[in-house]
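Since the structure comes first, as structure tokens, the remarks are kept for the end.
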Amino acid sequence: MLKTPAVHSARDRRSKGVFVLMEVDMPNEPVGAIATEIDEPILFRTSSRDVYTATLATGSLWLRSDQYFREIEDTVRRDRSEGTNGTSTVIPIKVAPQNGPSVHIFGDGEISQRFDPHYILSMHGSGIRLAQVRAFGGHTFGIRSISRLSAEVLYRCSQLVRCNGYRYGPVSYQRTALTHSLHSIGGSPLCLSRNPASYIRPLNVDVLRKQPMFPFVDQDEWRIVVFADGYLEGNPRFPLKINVDPGAFFPYLFGNE
């Protein structure tokens with residue numbers, strides 16, 4: 001079949017609509033039309049048949065912790081840098097603080113900051129690679145409104161653990177820059193001097209940012225992230241099992257397995 005990628009926005013008068021036809025492999029035919037609410041992002045969640053059926057019937061969702069994804073054995077979902085933002089120093093960083101020795105930092109290891117404990121619910125857009133759809137289980141349901149779903153997810157999670165905030169949005173696949181700072185905002189990995197204080201730390205850290213590496217760059221990921229004071233019963237391997245209104249979802253693609 002033929003596929004037409006999205007066109008440029010008509011709001012930008014400098015751009016013109018462009019359709020490029022490409023022959024691509026395609027998943028099964030959708031079971032119905034898109035039921036996402038107007039002006040909400042068209043998003044999906046792909047899973048095994050059992051999870052697909054349970055979510056559509058009962059609104060069942062499991063949120064996993066950042067530490068869980070750092071340790072999971074499933075290579076499709078494991079990310080050893082999950083819950084951190086940073087970058088490497090392939091280009092050497094030489095710093096001479098006012099009252100401290102000159103410091104030369106070089107290497108492909110990561111200088112990063114780690115976020116407070118949080119739980120993640122992952123979704124994806126229409127740009128996910130087909131191989132990733134199949135790796136996730138091949139059964140895809142749609143999200144009617146991520147803004148309303150995220151609010152209900154926060155409420156349901158707060159009944160299990162003490163929550164102190166949430167975020168949702170698309171995942172950005174990029175490294176952050178480093179900055180030489182006089183402040184240890186968020187906790188700085190490298191303290192260069194004490195008087196005056198001098199630090200090297202990542203700049204503009206964001207829980208919706210991930211390292212640009214395979215297979216994550218193929219997953220077109222969106223997330224709902226719920227921040228908590230700690231993990232459920234102190235164990236990051238325990239999921240937050242919640243049930244939301246099943247009307248938040250609609251069936252879309254039924255896989256072959």
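The values are calculated or read from the model by the stated rules, or taken from the named source; none is laboratory data. Computed from a predicted model, the values in this text were never measured in an experiment. Ideal geometry is used to build each Cβ from the backbone, glycine not excepted, and the neighbour counts take in all protein chains shown. Side chains are part of the model used for accessible areas, which takes the heavy atoms of the whole protein and leaves out ligands, DNA and RNA. Shrake-Rupley method; radii C 1.70, N 1.55, O 1.52, S 1.80 Å.
General observations
- Taking every residue in region 54-70 that is more than 28 Å from Gln113 (Cβ to Cβ) and modelled with pLDDT of 85 or more and pairing it with any residue that is aromatic (Phe, Trp, Tyr) and outside any loop (DSSP other than H, G, I, E, B), at least 6 positions away or on another chain, the pairs with Cβ-Cβ distances below 9 Å are Thr55/Phe141; Thr55/Phe249; Leu56/Phe141; Leu56/Phe249; Leu56/Phe250; Gly59/Phe249.
- Test: Val226 is open to solvent by 40 Å² or more (accessible area, probe 1.4 Å), of a type in the set (A, V, I, L, M), farther than 30 Å from Gln98 by Cα and touching a Phe, Trp or Tyr at 6+ places or on another chain (Cβ under 7 Å): no
- Among all positions in region 94-104, there is no residue which is assigned to a strand (DSSP E or B), basic (Lys, Arg) and under 16 Å from the mean Cα position of the chain (by Cα).
- Answer residue from region 188-204, given it is among the hydrophobic types (A, V, I, L, M, F, W, C) and modelled with pLDDT of 75 or more and is farthest from Phe106 (Cα to Cα) among those: Ala197
- Filter pass, Ser126 being part of a loop (DSSP other than H, G, I, E, B), touching an Asp or Glu at 6+ places or on another chain (Cβ under 9 Å) and either of a type in the set (Asp, Glu) or at pLDDT below 95 (or both): yes
- Asp116 satisfies every condition listed in (1) at pLDDT 80 or above; (2) outside any loop (DSSP other than H, G, I, E, B); (3) open to solvent by 50 Å² or more (accessible area, probe 1.4 Å) except (2).
- Among the residues examined, Arg167 does not qualify as open to solvent by 10 Å² or more (accessible area, probe 1.4 Å), farther than 21 Å from Ser88 by Cα and at pLDDT below 75.
- Test: residue in region 214-221 that is in contact with a Pro (Cβ under 9 Å, 6 or more places away or on another chain), modelled with pLDDT of 85 or more and not β-branched (Val, Ile, Thr): yes
- On the stretch given as region 214-231, residues that are in contact with a strand residue (DSSP E or B) (Cβ under 9 Å, 6 or more places away or on another chain) and assigned to a helix (DSSP H, G or I) total 2.
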